[in-house]
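S.K.: This is the structure, below, for whatever I ask next.
The values are calculated or read from the model by the stated rules, or taken from the named source; none is laboratory data. Everything quoted here is computed from the prediction, not taken from an experiment. Note that we place each Cβ from the backbone using ideal geometry, even for glycine, and neighbour counts take in every protein chain shown.
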Amino acid sequence: MIKFFCFLLFFFSSTLSAHEAQSLPYGPFLSGITHPVLGFDHLLAMVSVGMISAQIGGRAIWTVPATFVVVMFFGGLLGLNYGGLTGYEIGIAISVLLLGSALAADQKLNAVFAMIAVAVFAVFHGYAHGEEIPTIAEPPPYVAGFMTGTIILHIAGVVLADISTHYEKGKVLLRFLGGFIALSGMYFLINAI
């Protein structure tokens, strides 16, 4: 199974980073939604945020993802207005690596620490989304789209983690997914350096 995932990562490496949205076949809003969904690095990070918030439980189920979305919005504005910074791909890769590692370790994080960590990660993800808005896109609907896509991925992570806790081997599944996400983050980091 691990060999299969490694094969997918290496075989589809050029398509796994959806940072080249130069056309808008579905219009700016739907194209904005597809950016985080089709970008494998974004997808893994955002689903992980939802899964970690579900592991923490309580109010963290909504406060941790909400922190990510709000800070990502401001990171997106930064990328849209002050593009040209480098190194954000390294930040994205590190976010995937650390979020996956936290899931694999199966340690319940402190909610405030998790909010601070995802806020830092959200700056990188938001910057990437903002800087990579295609020149033919209208920024407001595109931004609304990538924020909506992010929220959907957070919800998917919460649901996945919640469902997993209701099954005997659910924690094992979450740890396995965390390990896969961490390995993917390592792969992204190696490619970003």
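S.K.: Specify which of the listed residues (THR63, THR135) is at pLDDT below 95, surrounded by fewer than 22 Cβ atoms within 10 Å (Cβ to Cβ) and farther than 18 Å from THR165 by Cα. Steps first, answer last, please.
M.R.: Details: THR63 fails: at pLDDT below 95.
After applying the criteria, what remains is THR135.
S.K.: Criterion first (within 17 Å of GLU131 (Cα to Cα), hydroxyl-bearing (Ser, Thr, Tyr) and assigned to a helix (DSSP H, G or I)) does THR34 satisfy it?
M.R.: Numbers: within 17 Å of GLU131 (Cα to Cα): yes; hydroxyl-bearing (Ser, Thr, Tyr): yes; assigned to a helix (DSSP H, G or I): yes.
Criteria met by THR34.
S.K.: Give the residue that is surrounded by the fewest Cβ atoms within 10 Å (Cβ to Cβ), with candidates limited to residues of the stretch 160-184 that are hydrophobic (A, V, I, L, M, F, W, C) and within 17 Å of LEU97 (Cα to Cα). First the steps, then the outcome.
M.R.: So in the stretch 160-184, the residues hydrophobic (A, V, I, L, M, F, W, C) come out as 160-161, 163, 172-174, 176-177, 180-183.
Restricting the remaining residues to those that are within 17 Å of LEU97 (Cα to Cα) gives 174, 176-177, 180-183.
Numbers: LEU174: 21, PHE176: 15, LEU177: 21, PHE180: 19, ILE181: 25, ALA182: 22, LEU183: 19.
Only one residue fits best here, namely PHE176.
S.K.: Check GLY79, GLY83 and return the single one that is without any contact (Cβ under 8 Å) to a residue 60 or more places away in the chain, in contact with an Asp or Glu (Cβ under 9 Å, 6 or more places away or on another chain) and in a helix (DSSP H, G or I). Break it down stepwise before answering.
M.R.: Values: GLY83 fails: in a helix (DSSP H, G or I).
Criteria check complete, one pass: GLY79.
S.K.: Yes or no: HIS19 farther than 13 Å from THR150 by Cβ, touching a helix residue (DSSP H, G or I) at 6+ places or on another chain (Cβ under 8 Å) and modelled with pLDDT under 90? Walk me through it before giving the result.
M.R.: Working: farther than 13 Å from THR150 by Cβ: yes; touching a helix residue (DSSP H, G or I) at 6+ places or on another chain (Cβ under 8 Å): yes; modelled with pLDDT under 90: yes.
Judged against the criteria, HIS19 is a match.
S.K.: So which residues in the stretch 125-170 are among the β-branched types (Val, Ile, Thr) and part of a loop (DSSP other than H, G, I, E, B), if there are any at all? Show your work before the answer.
M.R.: Keep residues of the stretch 125-170 that are among the β-branched types (Val, Ile, Thr), which gives 133, 135-136, 143, 148, 150-152, 155, 158-159, 163, 165.
Correct list: ILE133, THR135, ILE136.
S.K.: Determine if the stretch 110-120 includes at least one residue that is surrounded by fewer than 15 Cβ atoms within 10 Å (Cβ to Cβ), part of a helix (DSSP H, G or I) and modelled with pLDDT under 85.
M.R.: No: zero hits.
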